[in-house]
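I have placed the structure first, in the form of structure tokens, so that the comments after it can refer back to it.
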Amino acid sequence: MVDALDSGSSGEIPVRVQVPPPAFKKKNFYMHIRKVILEDKEKFVKTYFLAYKELSDYKYHTSKEVKNYFNWLYKRDKEGFWVAEENNLPLGFIASDANWRSIDGEEVLEIHELFVIPEMRKKGIGKKLLDTVLEYGKEKRKKIAELWVGKENFQAINFYKKRGFKEREVIGKWLRMTKFLDY
């Protein structure tokens with residue numbers, strides 16, 4: 001069972017999620033999604049390296065690069081940058097940009113980043129983060145959500161396909177995917 005409660009203008013969305021751990025016993029955990037603040041930079045860096053541990057072809061390799069990436073994401077659109085947490089510990093992040101133009105010149109909601117720590121994957125966290133950003137895109141009156149994913153990151157590609165994204169084109173090692181937003 002999933003309950004979503006919008007707590008108002010603070011940008012926090014508490015969510016209670018039923019999660020079956022590896023032994024298939026039921027376990028509750030309390031996750032909430034809130035907007036990222038500058039003080040989240042170190043959490044972002046640590047979580048990024050955990051999430052990208054096995055994706056060396058698609059990641060930044062130094063803390064300095066990841067910190068610069070965080071700064072860039074935050075400056076691009078801090079209102080579209082979210083973290084999922086449990087007991088103040090980050091489970092995942094998503095960064096979107098409602099001020100982006102696609103390679104076709106269209107105004108889109110660009111999803112620059114979505115990652116969840118490996119031990120918390122397949123528990124609905126990525127879906128909740130993505131749903132949060134897609135709602136943000138609708139609020140910003142965007143017609144299309146777009147993202148680029150590693151063309152051999154099949155787990156992520158399947159995740160996005162299940163949520164209505166379509167493959168568009170491949171450029172280098174990246175696959176462009178888009179989804180129409182109804183608002």
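The values are calculated or read from the model by the stated rules, or taken from the named source; none is laboratory data. Values in this document were obtained by computation on a predicted structure and should not be read as measured data. A quick note on method: Cβ atoms are made from the backbone with ideal geometry, for glycine too, and the neighbour counts reach across all protein chains shown.
Before moving on, here are some points about what is shown:
- Selection within region 30-56 - free of Cβ contacts under 8 Å to residues at least 60 places away in the same chain and aromatic (Phe, Trp, Tyr): TYR30, PHE44, PHE49
- Selected residue (only one of GLU119, GLU54 is charged (D, E, K, R), farther than 27 Å from ARG168 by Cβ and surrounded by fewer than 19 Cβ atoms within 10 Å (Cβ to Cβ)): GLU119
Rundown of residues vs (1) at pLDDT below 95; (2) in contact with a Pro (Cβ under 8 Å, 6 or more places away or on another chain); (3) farther than 23 Å from LYS59 by Cα, yes/no style:
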position	(1), (2), (3)
ASN99	no, no, yes
LEU109	no, no, no
MET120	yes, no, no
ILE125	no, no, no
GLY137	no, no, yes
LYS142	no, no, yes
ILE157	no, no, no
ILE171	no, no, no
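- For region 92-105, the criterion of being buried (at least 20 other Cβ atoms within 10 Å of the Cβ) and in contact (Cβ under 8 Å) with a residue 60 or more places away in the chain is met by none of the residues.
- Region 106-146, subset free of Cβ contacts under 8 Å to residues at least 60 places away in the same chain and of a type in the set (A, V, I, L, M, F, W, C), residue farthest from TYR183 (Cα to Cα): MET120
- Residues in region 57-68 that are free of Cβ contacts under 8 Å to residues at least 40 places away in the same chain and assigned to a helix (DSSP H, G or I): SER63, LYS64, GLU65, VAL66, LYS67, ASN68.
- Residues that are more than 14 Å from the chain's Cα centre (by Cα) number at least 3 in the following strands (runs of 3 or more DSSP E) confined to region 79-183: 89-101, 166-171, 174-180.
- Residue match in region 140-159 (condition: over 21 Å from ASP104 (Cα atoms), in contact with a strand residue (DSSP E or B) (Cβ under 7 Å, 6 or more places away or on another chain) and buried (at least 18 other Cβ atoms within 10 Å of the Cβ)): yes
- Against the numbered list (1) under 16 Å from the mean Cα position of the chain (by Cα); (2) within 25 Å of VAL108 (Cβ to Cβ); (3) surrounded by fewer than 17 Cβ atoms within 10 Å (Cβ to Cβ), ASN68 comes up short only at (1).
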